[in-house]
Amino acid sequence: MLYQDLADRLQGLIRQQVYPVGTSLPGVRRLSEQHSVSVSTAVNACQELERRGLLEAKPRSGFFVLQAPVRREPPRLSLVSKTPRPVTGQERVLHLAQAVRDTSIVNLGAAVPNPDLMPVAALERSFRTVLREQRRRCVGYEFPPGAPELRTQIARRLAAVQCHVTPDQILVTNSCHESLSIALKLITKPGDTVVLDSPTYYGLLQVIESLGLKALEIPTDPVTGISIEALSLALERWDIAACVLIPNFSNPLGVLLSDERKQALLKLMSKHRVPLVEDDIYGDLPFSGKRPRPIKSWDTEGIVYYCSSSSKTLSAGLRVGWLVPGKDNKRAEALQYMNTVAVSTPSQLAMAHYLEHGHYDRFLRSVCSEHARSVARMTDRVTQLFPAQTRVSRPAGGFVLWVELPGDVDTLELMEKSFAAGVSFAPGALFSASGKFGNCLRLNCAVRWDARVERALLALARLI
Ligand SMILES: Cc1ncc(COP(=O)(O)O)c(C=O)c1O
């Protein structure tokens, strides 16, 4: 839908005051030249903006800006439980994950990019090459720490963001989930307390539940990130075994911590001698500017356990992740071996081949702008269709949006009705150990925008 793209672009320009209220847009011929589209696409885009209430057509004078798009407030800072508590009930997430396979449901729930937004053809070429050139190796185990060529590629990419780790310090795992699990096994024992953002990624709560740990949620500002003051108080008050953070484009809020805050957090953890588990799975997906540095890049003491994977960029199906443990490399390798013995050899070799030959940076440039556009479009749709007091996050990267609904809507309850209407979303309560955020939901924006997605959003808005 080319005209929708142009309408979104023009809406952005109206929001940025390039065309303030009361002024006219260039004529449709000019618009078609400026944006390299046909005149009829330009006409359709203006009519779309008329339907959105932003433009008014005046006979023989063109389209005038009637009002600027509404800008939603970001969600509010959460009031969270002040004591550590065990995590339960995370098995509910599986239902959400299984919906991804159901083609009758539009997936706005699980944070899985549509395959069109992954380099499927280039990965296929890499798989073919390694299966042809290294077929004997591909049928064998690639025991921990994993394929040297992949660890070398990962070390090179980390070096580009000033994170200097050698290939021997990197352990290949089956996923970021496994990296988080190994990191927490290395530094905690059952019953220990772990501090986290609130809201936080539900998979992390699953790891905490499965290891018998307790969670202490720290209030997180949807714009600036975790409250360092509250974290500092928690570290004074409680015996904390580890802190787990997603500093680059967190899930679900999309917050990017500034370099100053990253360094302040590292200093705080170092002062209290508490290890920091860093989940950097979205770090390669900024909407603009440079790829941000991970906290690990400032770590001179080995207190940061760095976790990531290919799931949000190249392919979730590869099941390839990695971990740079702060210190205990040998124990980490042993744990990975005891967990799952090894990681798929073809997946490791194909990923190494892709990173070396597949033009990953070029792919990232294009996919990041796709995600930025989709998130902007989703924000617009939520603003138009959801109730007036709805609040929406302003992610700086990644591809998920966090929505806070007004009133006492229970999004867990809404989920079943929404599935029946053919659309999934992630209910807010899954992102908290203490059942907060019942009136919130997370939307996956990495979809292929078409009439089905538009209809799904409309159906969801009606249910709300
Ligand atoms: C912040 C975060 N960490 C980890 C994961 C899990 O990734 P993987 O598929 O590599 O286990 C996800 C997936 O949603 C995520 O959002």
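Open to solvent by less than 20 Å² (accessible area, probe 1.4 Å) and either farther than 30 Å from Asp221 by Cα or touching a helix residue (DSSP H, G or I) at 6+ places or on another chain (Cβ under 6 Å) (or both), is that true of Leu2?
No: the conditions fail for Leu2.
What is the one condition in (1) farther than 15 Å from Leu158 by Cα; (2) at pLDDT 95 or above; (3) open to solvent by less than 10 Å² (accessible area, probe 1.4 Å) that Met378 does not satisfy?
All conditions pass for Met378, except number (2).
Tell me which of these Thr383 doesn't satisfy, since it passes every other one: (1) open to solvent by less than 40 Å² (accessible area, probe 1.4 Å); (2) at pLDDT 90 or above.
Only one criterion is unmet by Thr383, namely (2).
Identify, from the list Gly146, Gly140, Gly191, the residue that is surrounded by fewer than 19 Cβ atoms within 10 Å (Cβ to Cβ), assigned by TED's automatic domain parsing to the domain that holds Val277 and either closer than 15 Å to Leu318 by Cβ or in contact with a Ser or Thr (Cβ under 7 Å, 6 or more places away or on another chain) (or both).
Within the list Gly146, Gly140, Gly191, the selection yields Gly140.
In region 224-257, how many residues are within 18 Å of Lys436 (Cα to Cα), open to solvent by 20 Å² or more (accessible area, probe 1.4 Å) and not polar (S, T, N, Q)?
Number satisfying all stated conditions: 1.
Any residue at all in region 418-433 that's open to solvent by 10 Å² or more (accessible area, probe 1.4 Å), out of contact with any Asp or Glu (no Cβ under 7 Å at 6 or more places or on another chain), part of a helix (DSSP H, G or I) and not small (Gly, Ala, Ser)?
yes
Report, by residue number, each residue of region 382-398 that is closer than 18 Å to Gly254 by Cα and small (Gly, Ala, Ser).
Once the filter is applied, which keeps residues that are closer than 18 Å to Gly254 by Cα and small (Gly, Ala, Ser), region 382-398 yields Ser393, Ala396, Gly397, Gly398.
Checking the condition under 29 Å from the mean Cα position of the chain (by Cα), charged (D, E, K, R), open to solvent by 70 Å² or more (accessible area, probe 1.4 Å) and outside the structural domain of Thr220 (by TED's automatic domain parsing), which residue from Arg15, Arg52, Arg30 passes?
Checking each option against the conditions leaves just Arg15.
Being more than 18 Å from Asp299 (Cβ to Cβ) and over 16 Å from the mean Cα position of the chain (by Cα) is the requirement here; does Asp259 meet it?
For Asp259, the condition - more than 18 Å from Asp299 (Cβ to Cβ) and over 16 Å from the mean Cα position of the chain (by Cα) - is not met.
Out of all the residues in region 191-205, which are of a type in the set (A, V, I, L, M) and away from the ligand (no atom under 15 Å from the Cβ)?
Once the filter is applied, which keeps residues that are of a type in the set (A, V, I, L, M) and away from the ligand (no atom under 15 Å from the Cβ), region 191-205 yields only Val195.
Tell me which of these His164 doesn't satisfy, since it passes every other one: (1) open to solvent by less than 60 Å² (accessible area, probe 1.4 Å); (2) in contact (Cβ under 8 Å) with a residue 40 or more places away in the chain; (3) not aromatic (Phe, Trp, Tyr).
(1)
Looking at the structure I just gave you, is Thr188 out of contact with any Lys or Arg (no Cβ under 8 Å at 6 or more places or on another chain), within 14 Å of the ligand (Cβ to nearest atom) and of a type in the set (Ser, Thr, Tyr)?
No: the conditions fail for Thr188.
So, of the residues in region 109-129 that are in contact with a helix residue (DSSP H, G or I) (Cβ under 7 Å, 6 or more places away or on another chain) and at pLDDT below 95, which turns out to be surrounded by the most Cβ atoms within 10 Å (Cβ to Cβ)?
Here the residue is Gly109.
I'd like to check something: does region 453-464 contain any residue that is more than 16 Å from the ligand (Cβ to nearest atom), open to solvent by 50 Å² or more (accessible area, probe 1.4 Å), under 24 Å from Ile14 (Cβ atoms) and at pLDDT below 90?
Checking region 453-464: not a single residue is more than 16 Å from the ligand (Cβ to nearest atom), open to solvent by 50 Å² or more (accessible area, probe 1.4 Å), under 24 Å from Ile14 (Cβ atoms) and at pLDDT below 90.
When the residues of region 55-75 are filtered to those that are at pLDDT 80 or above and within 30 Å of Glu416 (Cα to Cα), which remaining residue is most open to solvent (accessible area, probe 1.4 Å)?
Selected residue: Glu73.
Which of the following residues is free of Cβ contacts under 8 Å to residues at least 40 places away in the same chain and closer than 29 Å to Gln11 by Cα: Ser366, Ser418?
Selected residue: Ser366, the only one of Ser366, Ser418 that is free of Cβ contacts under 8 Å to residues at least 40 places away in the same chain and closer than 29 Å to Gln11 by Cα.
Which members of region 206-223 meet the condition of being within 11 Å of the ligand (Cβ to nearest atom) and open to solvent by less than 20 Å² (accessible area, probe 1.4 Å)?
Val207
How many residues are within 16 Å of the ligand (Cβ to nearest atom) and either in contact with a Cys (Cβ under 8 Å, 6 or more places away or on another chain) or open to solvent by 40 Å² or more (accessible area, probe 1.4 Å) (or both) when one looks only at region 258-283?
Total satisfying the criteria: 6.
Tell me, which residue of region 97-126 that is more than 13 Å from the ligand (Cβ to nearest atom) and part of a strand (DSSP E or B) is nearest to Leu285 (Cα to Cα)?
By that ranking, first place goes to Leu108.
Which pairs turn up if I take residues in region 289-308 that are farther than 13 Å from Asp259 by Cβ and look for partners that are away from the ligand (no atom under 16 Å from the Cβ) and open to solvent by 50 Å² or more (accessible area, probe 1.4 Å) with beta carbon separation below 6 Å, at least 6 apart in sequence or on another chain?
Gly302/Lys327
Those residues that are among the hydroxyl-bearing types (Ser, Thr, Tyr) and within 24 Å of Cys368 (Cβ to Cβ), I need them from region 228-266; list them, please.
Ser250, Ser258
The values are calculated or read from the model by the stated rules, or taken from the named source; none is laboratory data. Keep in mind that this is a model prediction, so the values were computed, not measured. Ideal geometry is used to build each Cβ from the backbone, glycine not excepted, and the neighbour counts take in all protein chains shown. To get the accessible areas, we keep the full protein, side chains included, count just its heavy atoms, and leave off ligands, DNA and RNA. Shrake-Rupley method; radii C 1.70, N 1.55, O 1.52, S 1.80 Å.
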